[in-house]
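To start, the structure itself, in structure tokens.
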Amino acid sequence: MTETSLPPRTQQSLASWPQRSERGLQTTACLPFKHRLPRQKPSLTERKQKQRLLAQEERAEAARQELDWQSSQARKSVLQTEEQDKIEDDPNAGDDDDLEEVHHRNTRKRLRGGGGGGGGGEGGEGEDSDGALEAQIRAELNAEVGILKAHYAKKLKSNIAGPTFEASTPTVLHSKLPLARSSTLISRSPATPILPRSLPAMTPIPSTPTHTSHHHSSKPRMLDQTPVTRAVVKTANCIFRVYVATDNGFPTEDEIAAHTRASFKRACKDLKQNDILTRFEADAAYAATEAKIVAARPSQIRGELKSKVQSAVAGHFGLHGLSKAMLEVKIAALLHEHAYVFQNPDKRQGFFRHPIFTEIFGAQWLRKRGEATGEYAAAFNPVPLPTLALIATAIECALRDYVKGFKETRRGFNEFSGDSYRGSYESHLLTLRRQEKKHPQLILKLRRDIFQAAYNGDVEETEENNDYLGDFDLEADMDQ
């Protein structure tokens, strides 16, 4: 395509291109978009200055609008006041007539009155009289208009200057709410003046309980003891708990009193608290208080053991889902000749091999920093025979909650106390010791196996805990 065949507009643009090149392309509008220089953003100072100018303009515009509004309101109020005054002077004036219409109406009346009076004379004299009268009326109107303008200006100036305030007398406002009840004040006799509270006297370092408690019970508490005594009592509690678990699960009152004092003395020796030991032996009241705290350990450990067995007995012996009659039969069969101590109660096989023994021993003495994991661990490995007898007695107590065909939950029913279960405990312990004499290696293996299984957390599955899938092939099911 030749240059002559191009459109005229294109030829003109091409002809002017060298001139624009010589000017150095001072503008970038003709360049492609990607070659254009980026727009420079205003700096922070410029933006803040622009914002301040805009704010000043807005405030000035608002002030100007406010001034215009006040002026218009002042003019309206003046016009309304003058119009009302005129209407009161002239009852015949309409509500919609303003001051100028009133003046024009008065002027027309005067003109009509002058023209009528001079109509009887000659034409020249009538015209002269009409002109003089019109001039007089115009002069009077101009005077009235000047007076009105001065009055308007004075009114406008007073309104624009701002409102005026007058002093007024204060008024008392009475509340409609009912009167508040007056509080009863405690009168003080002038003969007994209030003296300033004196500072307490300095007391020596206490060796007795210093915690002042609002607890009115005669039962002593650990919270009321000094830190040193509290540490000794905690150690004595642990020693007494080990004795109950590994030696005598149901001690008598005399045995409790004797072992309480022995546990406290041993704790003092272990912690090397000779002063506490001396006071315990010399101060009868102090010894009675600390002994009463330690003496509560047998009932405490039996309560913990029964709670754990109650949670496990239904699952281990398949008591869920049975009718009342079937449950009564099941419980009677388990309690008959202590069948519950066997791994298979129906066939009486697996003497003390039921998995509930392993579970309860681990939960009570191995979990949560139990006594079998600390300083006294050697006393529980292998599991002592009194410990097995105590667990078996707790199982019997939990099973007897179902003797009526349902679980009895009344408070005070079937308490795990010495009066109710000391005989059963002694029966289990006697049986175990007889078997130990006959088969010492088998009983020793039984005690070691229970400890090792509980320590490792190996609990055999029972019928209640078996896998409900059975021989179901999960792999084949997932491939489908």
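Some observations on this one:
- Yes/no for Leu388 being open to solvent by less than 30 Å² (accessible area, probe 1.4 Å) and either more than 28 Å from Gln300 (Cβ to Cβ) or of a type outside the set (S, T, N, Q) (or both): yes
- Restricting attention to region 355-372, the residues being surrounded by fewer than 23 Cβ atoms within 10 Å (Cβ to Cβ) and without any contact (Cβ under 8 Å) to a residue 60 or more places away in the chain number 5.
- Positions within region 417-439 being within 16 Å of Arg353 (Cα to Cα) and either modelled with pLDDT of 95 or more or of a type outside the set (D, E, K, R) (or both), in sequence order: His428, Leu429, Thr431, Leu432, Gln435, His439
- Every pair of residues 6+ apart whose Cβ atoms lie under 6 Å, when the first sits in region 324-342 and is within 23 Å of Leu446 (Cβ to Cβ) while the second is small (Gly, Ala, Ser): Val341/Ala392; Phe342/Gly350
- Those residues of region 247-274 which are touching a residue at least 60 places away in the same chain (Cβ under 8 Å) and open to solvent by 30 Å² or more (accessible area, probe 1.4 Å), in sequence order: Asp247, Thr252
- Any chance Lys308 is touching a helix residue (DSSP H, G or I) at 6+ places or on another chain (Cβ under 6 Å) and open to solvent by 50 Å² or more (accessible area, probe 1.4 Å): yes
The values are calculated or read from the model by the stated rules, or taken from the named source; none is laboratory data. These numbers were taken from a predicted model, which means no experiment stands behind them. Counting neighbours? That spans all protein chains shown, and the Cβs are built from the backbone with ideal geometry, glycine included. SASA here: full protein model, heavy atoms, side chains in, ligands and nucleic acids out. Shrake-Rupley method; radii C 1.70, N 1.55, O 1.52, S 1.80 Å.
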